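Data first, discussion second: the structure below is written as structure tokens.
The values are calculated or read from the model by the stated rules, or taken from the named source; none is laboratory data. Keep in mind that this is a model prediction, so the values were computed, not measured. Glycine also receives a Cβ, built like all others from the backbone with ideal geometry; neighbour counts cover every protein chain displayed.
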Amino acid sequence: MASPPHTSKTLKLERYNSYLRRLHSTKVLNASSKLIFRVTLLIALVLILFFTLNYPPLSDKNPNHAHLHHHNFLSAALFTSSAGGDAWEKQVRHSSTPKKPNGLSVLVTGAAGFVGSHCSIALKKRGDGVLGLDNFNSYYDPSLKRARQKLLLKNQVFIVEGDLNDASLLTKLFDVVPFTHILHLAAQAGVRYAMQNPQSYVSSNIAGFVNLLEVAKAANPQPAIVWASSSSVYGLNTQVPFSELDRTDQPASLYAATKKAGEEIAHTYNHIYGLSLTGLRFFTVYGPWGRPDMAYFFFTKDILQGKPIDVYQTQDKKQVARDFTYIDDVVKGCLGALDTAEKSTGSGGKKKGPAQLRVYNLGNTSPVPVGNLVSILEGLLRTKARKHVIKMPRNGDVPYTHANVTLANRDFGYKPTTDLATGLRKFVKWYVDYYGIQTRVKKDSDINSEHPEESP
Ligand SMILES: NC(=O)c1ccc[n+]([C@@H]2O[C@H](COP(=O)([O-])OP(=O)(O)OC[C@H]3O[C@@H](n4cnc5c(N)ncnc54)[C@H](O)[C@@H]3O)[C@@H](O)[C@H]2O)c1
């Protein structure tokens, strides 16, 4: 017969075993729930990263911008986390190193702008090194500047985000890269806006230009500089076509006055420091990736939206006319000017001999009344414009521009080849593609089907 003490021992042992089993299973449960928690957290993080990288905000309806947001995420990280660091310097060097023997190494200011983006890509495509600089200001929709930046990045052109007035940034760039040339296109553009924000013109077009020249003059070697002046310097000049020898001391706007000041400042830096300087007077440049503040651009927008447009007449009821110049012609002019620019003669802030100082008109040589521009757009858009003909307000515009380009033709073979109808057709094709506008413009017209991302 089993004794009672023995039974109680077995019972105790079983209880003890069951206690150990419970303890073990609780530990397993704790460990596995920790594991599940960590795995869930990891999956959540991976999903957040995936959606951030792949989906633009819902408010952005333009399909072209989907990639832009992706790019911005990456490039913003690049710009902010490492400006001045090793990775940043590597990008700067890589972008500005020429791929062909004896290629140029060009700092393009205003590279996210209309003319700057076209020139940067053209230079890069022929094997030159290009580094961009732009402050991405919001004078017009900065998302267009970001879209151009994305296009440049695809073409291996890196844009440093910064201001012309940031002397230490500019000095740093010249410490990292011995630029052979500067193509200086950054400026506060626009004639009418000067009445609203005059200081922005002084800050970018005068103080910013001087700052750039100060850094260039101190650089060793000094770069040759090609920069954008403007046809607006002819102001109230009535002698046509406008020649570089005509008077330019009657500006009709503060914008024009700052460009004229730039030409005088260029003379000073050439004279004192031996900097090689070439000013280019552009005449109403238009084309794909253009500027939303310019008439051909906002006329297109307003005509498509059925809004009325203001078409200016002169005070004596004549048509206002412009020497509209297609962007590809202007790009050829800029590259021609860079290729024929002689070296600066100074070094480290000291002049060693006389240096080149030039000014050229870059126009189309055939002015078109603004009324004709509207008719061409009506045909391309297949929509009648609601024209509102008014006298041109006295806010800086001039009634007429017409370029004589003999000098540019003589010195670097400049010869504009695109008429307004052909150039506007290319602009409209880009416009409807870029803004994702589904209209009969796109379906019916015979606008050539080059993909916007492949131009400029
Ligand atoms: N487009 C034309 O019809 C025309 C005509 C005459 C002269 N220009 C001149 O040609 C140049 C290029 O014009 P665009 O049409 O490409 O203009 P844009 O406004 O598209 O390009 C200028 C770029 O410079 C940048 N910028 C402005 N101030 C800056 C600063 N302080 N620091 C750094 N970046 C700055 C802007 O963000 C912009 O991206 C400008 O100098 C303009 O005055 C243009």
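Table for the structure above
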| quantity | calculated |
| --- | --- |
| Yes/no for SER375 being small (Gly, Ala, Ser), surrounded by fewer than 18 Cβ atoms within 10 Å (Cβ to Cβ) and in contact with a Pro (Cβ under 9 Å, 6 or more places away or on another chain) | no |
| Conditions (1) at negative phi; (2) assigned to a loop (DSSP other than H, G, I, E, B); number of the one not met by GLU378 | (2) |
| Single match in ALA216, ALA228, ALA261, ALA257 (criterion: small (Gly, Ala, Ser), within 9 Å of the ligand (Cβ to nearest atom) and either part of a helix (DSSP H, G or I) or in contact (Cβ under 8 Å) with a residue 60 or more places away in the chain (or both)) | ALA228 |
| Subset of segment 231-246 (residues that are within 14 Å of ASN404 (Cα to Cα) and part of a loop (DSSP other than H, G, I, E, B)) | ASN237, THR238, GLN239, VAL240, PRO241, SER243, GLU244, LEU245, ASP246 |
| Segment 270-280, residues that are of a type outside the set (Ser, Thr, Tyr) and within 14 Å of the ligand (Cβ to nearest atom) | GLY279, LEU280 |
| Lone unmet requirement of (1) closer than 25 Å to GLY262 by Cα; (2) buried (at least 22 other Cβ atoms within 10 Å of the Cβ); (3) within 19 Å of the chain's Cα centre (by Cα) for SER276 | (3) |
| Identity of the residue in segment 287-308, touching a strand residue (DSSP E or B) at 6+ places or on another chain (Cβ under 6 Å) and outside any loop (DSSP other than H, G, I, E, B), that ends up nearest to ASN361 (Cα to Cα) | TYR296 |
| Test: residue in segment 393-408 that is at pLDDT below 95, surrounded by fewer than 18 Cβ atoms within 10 Å (Cβ to Cβ), of a type outside the set (D, E, K, R) and assigned to a loop (DSSP other than H, G, I, E, B) | yes |
| Residues (over 13 Å from PHE324 (Cα atoms) and small (Gly, Ala, Ser)) located in segment 412-428 | GLY413 |
| Meets criteria (out of contact with any His (no Cβ under 7 Å at 6 or more places or on another chain), within 30 Å of PRO399 (Cβ to Cβ) and of a type in the set (D, E, K, R)) for ARG148 | no |
| Of all residues making up segment 76-116, the number that are among the hydroxyl-bearing types (Ser, Thr, Tyr) and at pLDDT 95 or above | 5 |
| Subset tally (residues that are crowded, with 23+ Cβ neighbours inside 10 Å and within 16 Å of ASP166 (Cα to Cα)) for segment 186-200 | 2 |
| Residue count, segment 352-372 (criterion: surrounded by fewer than 19 Cβ atoms within 10 Å (Cβ to Cβ) and among the charged types (D, E, K, R)) | 1 |
| Boolean, GLN239 is without any contact (Cβ under 8 Å) to a residue 24 or more places away in the chain, over 19 Å from PHE174 (Cβ atoms) and within 12 Å of the ligand (Cβ to nearest atom) | no |
| Qualifying residue in segment 302-316 (condition: surrounded by fewer than 15 Cβ atoms within 10 Å (Cβ to Cβ) and without any contact (Cβ under 8 Å) to a residue 60 or more places away in the chain) | yes |
| Hits in segment 281-338 (condition: away from the ligand (no atom under 13 Å from the Cβ) and among the β-branched types (Val, Ile, Thr)) | THR300, ILE303, ILE309, VAL311, THR314, VAL320 |
| Where GLY348 falls short, out of the listed (1) of a type outside the set (Phe, Trp, Tyr); (2) at pLDDT below 95; (3) surrounded by 14 or more Cβ atoms within 10 Å (Cβ to Cβ); (4) at positive phi | (3) |
| Pairs with Cβ under 6 Å, 6+ apart, first in segment 170-193 and closer than 14 Å to ASP134 by Cα and modelled with pLDDT of 95 or more, second among the polar types (S, T, N, Q) and surrounded by fewer than 22 Cβ atoms within 10 Å (Cβ to Cβ) | GLN188/SER200 |
